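Working notes, beginning with the structure itself.
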Amino acid sequence: QVHLVESGGGLVQPGGSLRLSCAASGSLFALYRMGWYRQTPGNQRELVAELSFRSRPNYADSVKGRFTISRDDDKNTVYLQMNSLRPEDTAVYYCNAFWNAVNYWGQGTQVTVSS
């Protein structure tokens with residue numbers, strides 16, 4: 001079982017920045033594929049970014065060049081740095097861990113981009 005706890009969401013103006021953090025349990029964190037997804041009401045959860053062990057990150061086209069995913073394996077934490085935020089980035093953001101053929105999810109954190 002992997003437990004994920006997100007933090008860092010909030011309200012930001014268009015063009016602003018936020019950094020999301022996700023702390024994970026487990027001694028094999030370095031081997032987890034970690035990712036961030038987001039969901040808006042009435043829509044499916046969509047991939048924002050993901051990062052596997054010793055791999056290059058993968059981003060949704062809509063966030064390329066604006067968002068950066070990173071991980072600190074010593075702290076069992078994955079981050080999502082979000083710059084140049086747009087109103088359409090407003091969503092609940094979920095941390096995801098994929099390990100041993102099982103998907104684990106955090107509770108979600110709200111990001112609202114509005115003036």
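Structural remarks
- Gaussian network model of the chain, Cα within-10 Å springs - most flexible of THR40, THR77, THR68: THR40
- About the Cα centre, charge dipole magnitude for the chain (Lys/Arg +1, Asp/Glu -1 at Cβ), debye: 160 debye
- Within the accessible surface of the range 32-101, defined with a 1.4 Å probe on protein heavy atoms only, the carbon and sulfur portion equals 43 percent.
- Solvent-accessible area per residue for the chain (1.4 angstrom probe, square angstrom): 54 Å²
- Among TRP105, TRP36, TRP99, the order of accessible area from largest down is TRP105, TRP99, TRP36, computed with a 1.4 Å probe on protein heavy atoms.
- Cα pair distances of the chain binned at 10 Å [whole percent]: 15, 50, 29, 6, 0
- Taking the range 2-41 and a reference point 7 angstrom along Cα→Cβ of ASN103, the backbone N atoms nearer than 16 Å belong to 2, 4, 33-40.
- Relative contact order, percent, the chain [alpha-carbon distance under 8 Å, six or more residues apart]: 37 percent
- Between THR40 and ARG54, the distance separating the two model label sites (each 7 Å from Cα on the Cα→Cβ line) works out to 3.9 nm.
- Each peptide among 86-94, 54-62 gets the average number of other Cβ atoms lying within 10 Å of its residues, and from highest to lowest they stand as 86-94, 54-62.
- Highest-MSF residue in the chain out of VAL48, VAL102, VAL12 [GNM, Cα springs under 10 Å]: VAL102
The values are calculated or read from the model by the stated rules, or taken from the named source; none is laboratory data. Remember, predicted model here, so these are calculated numbers, not experimental data. Here the Cβ is made from the backbone with ideal geometry for all residues, glycine too, and neighbour counts use every protein chain on show. Only protein heavy atoms, including side chains, enter the accessible area calculation; ligands, DNA and RNA are left aside. Shrake-Rupley method; radii C 1.70, N 1.55, O 1.52, S 1.80 Å.
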